[in-house]
1. Filter segment 414-449 down to residues that are loosely packed, with under 15 Cβ neighbours inside 10 Å and within 18 Å of LEU481 (Cβ to Cβ) and give me whichever is nearest to the chain's Cα centre (by Cα).
2. Would a scan of segment 80-88 turn up a residue that is modelled with pLDDT of 85 or more and more than 30 Å from GLY63 (Cβ to Cβ)?
3. Checking TYR391 against (1) on the phi < 0 side of the Ramachandran plot; (2) not charged (D, E, K, R); (3) not assigned by TED's automatic domain parsing to the domain that holds THR506, which single condition isn't satisfied?
4. Could you tell me which numbered condition ASN507 fails, if it satisfies all but one of (1) outside the structural domain of PHE340 (by TED's automatic domain parsing); (2) closer than 30 Å to GLY342 by Cα; (3) among the polar types (S, T, N, Q)?
5. Residues ARG121, ARG169: which one is part of a helix (DSSP H, G or I), among the basic types (Lys, Arg) and within 30 Å of ILE225 (Cβ to Cβ)?
6. If you take the residues of segment 256-315 that are in a helix (DSSP H, G or I) and closer than 30 Å to CYS428 by Cα, which of them is modelled with the lowest pLDDT?
7. Among the listed residues LEU82, LEU102, LEU128, identify the single one that is in a helix (DSSP H, G or I), under 30 Å from THR215 (Cα atoms), touching a helix residue (DSSP H, G or I) at 6+ places or on another chain (Cβ under 8 Å) and of a type in the set (A, V, I, L, M, F, W, C).
Amino acid sequence: MLQLDSISKRHGGQILFLEASAAVQRGEKVGLVGPNGAGKSTIFRLLMKEEEPDDGRISIDRGVTLGYFSQTIGEMKGQSVLEATIAGAGAVSDAAHRLHELELALADPAQAEQMDKLIERYGEAQVLFESLGGYGLEARAHEVLAGLGFSAEQVAGDVGLLSGGWKTRVGLARILVMRPDALLLDEPTNHLDLESILWLEQWLRDFDGALILTTHDREFMNRIITKIIAIDGGEITSYSGNYDFYESQRRLAEREQEAQYARQQAMLAKEEAFIARFKARASHASQVQSRIKKIDKIEKVEPPKRAQTLEFDFRAPPRSGDDVLRLAGIRKAYGERKVFDGFDLLIRRGERWCVMGANGAGKSTLLKIVAGANPPDAGAVTVGANVKLGYFAQHSMDLLNADETVYQTLENAFPQASLGVLRSLAACFGFPGDDIEKRCGLLSGGEKVRLVMARMLYDPPNFLVLDEPTNHLDLATKDMLIRSLASYEGTLLLVSHDRHFLSKLTNRVLELGPAGPHVYPGSYSEYVVASGHEAPGMRTS
């Protein structure tokens, strides 16, 4: 269906692909993986003919339609969310537009002489529109928009009034409503909450076309994909199975290559020792020459390529009192909508709470109240003895000084730290080498998140309040963060849509729902088993 045949591609001096090949068949669900800058997004652009390979060939079966979702969404305004979704749905949208034009022409008295031709064209347009599923288009759009978390008011409202994140959801909805033969999805979960991710997961499992996606959500990938295409060092390698299977196969291949490399190095050392010992003796001349020729003819085993994993030895936080935080009789309302009414909660030292709840349930509001960023209308917030609170919110990125470099940001926060320590810290959070000289104003959203997290965790507080800390983090950085927080000796309160992150780090769950707050005294994984859902109102699959 889609074929990359011995393609080569350079960006400046960087080689992305060198005679690399891969294929995607009908119905396959493929995860595209590789380090940042390896060429994942370039694969999408090559398939969409936005770029051409320097060498090799890209083949797409005749008649195959592609739907491509990226994080770059064009200008949207002057339409309702529903209209914008339908208007961007590709061929079926074009067919609807053509049908509407012909309906206007049929109603135009000035074109009465062409009525027979117009009727014929209208019939052809109707057949095409029906074949593309056009008569169910609006119903499909409503279903997809609801699944992605849009309320009825938002669907009818002006798309131009939406935030960037919600406009990105509209862009994703357009591609899903289009139902192409092959979906190309570049980070589709970035701006989705957990409920929308679970809905999209089910939608993609039911989708009968081909799928190629990149995502930093390990659980999402594991549940959908059946094949991995890995890009690294100019090579493309395909694996059958999900992401966890790929990781195990990659580790196995690394161990096997390492063993082969070690065996060959030992053999070469032995031969070279013989040559060095006897090369001056005429009696061994023929044996020495024989072994030199043998070494020259051997095909050298390359040392295994290992993904560089950087670790940082984070400091232990100071010990807090046993009672870290107490909320008593908290009330909070926005206009007529009551978010909390007489809410009580006690968080004790060493507990790791995650807050679950549908959109609007009050998850971020609760974290703001705890952090003192948004006082309650009534009730008391009592912080315990010796508690040092650190709060990460999405707006934390906006507080970075755009004119400072990554290094200057860390140096200003920790003036006593050495250059080597700050370089190591920066590298752990995705700023190796010269990347430490990047100006904050030029950083991507994900890079800003990493920098703020690095600054927070270098000298960690003993009570971390984290609102979606994994947004835009790649898998390697997430894994590093999980390992760091797993050994963290303080107390956690967090909101996240990443199920792998929640499963690894929590031992308490607070669910906010219509029936009021409910506490599960166990991990997120235990909560899923006990409640029967991965998010409020969403059944486990």
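The values are calculated or read from the model by the stated rules, or taken from the named source; none is laboratory data. Please read these numbers as outputs of a predicted model, since none were measured by experiment. No Cβ is skipped: glycine too gets one built from the backbone with ideal geometry, and neighbour counts run over all protein chains shown.
1. Applying the filter and picking the extreme gives GLY445.
2. yes
3. (3)
4. (1)
5. ARG169
6. Across segment 256-315, the extreme among qualifying residues is GLN257.
7. Of LEU82, LEU102, LEU128, the one residue that is in a helix (DSSP H, G or I), under 30 Å from THR215 (Cα atoms), touching a helix residue (DSSP H, G or I) at 6+ places or on another chain (Cβ under 8 Å) and of a type in the set (A, V, I, L, M, F, W, C) is LEU82.
Residues checked against (1) loosely packed, with under 14 Cβ neighbours inside 10 Å; (2) within 33 Å of the chain's Cα centre (by Cα):
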position	(1), (2)
ARG319	yes, no
ASP323	no, no
LEU327	no, no
GLY335	yes, no
ASP341	no, no
LEU345	no, yes
TRP353	no, yes
ALA358	no, yes
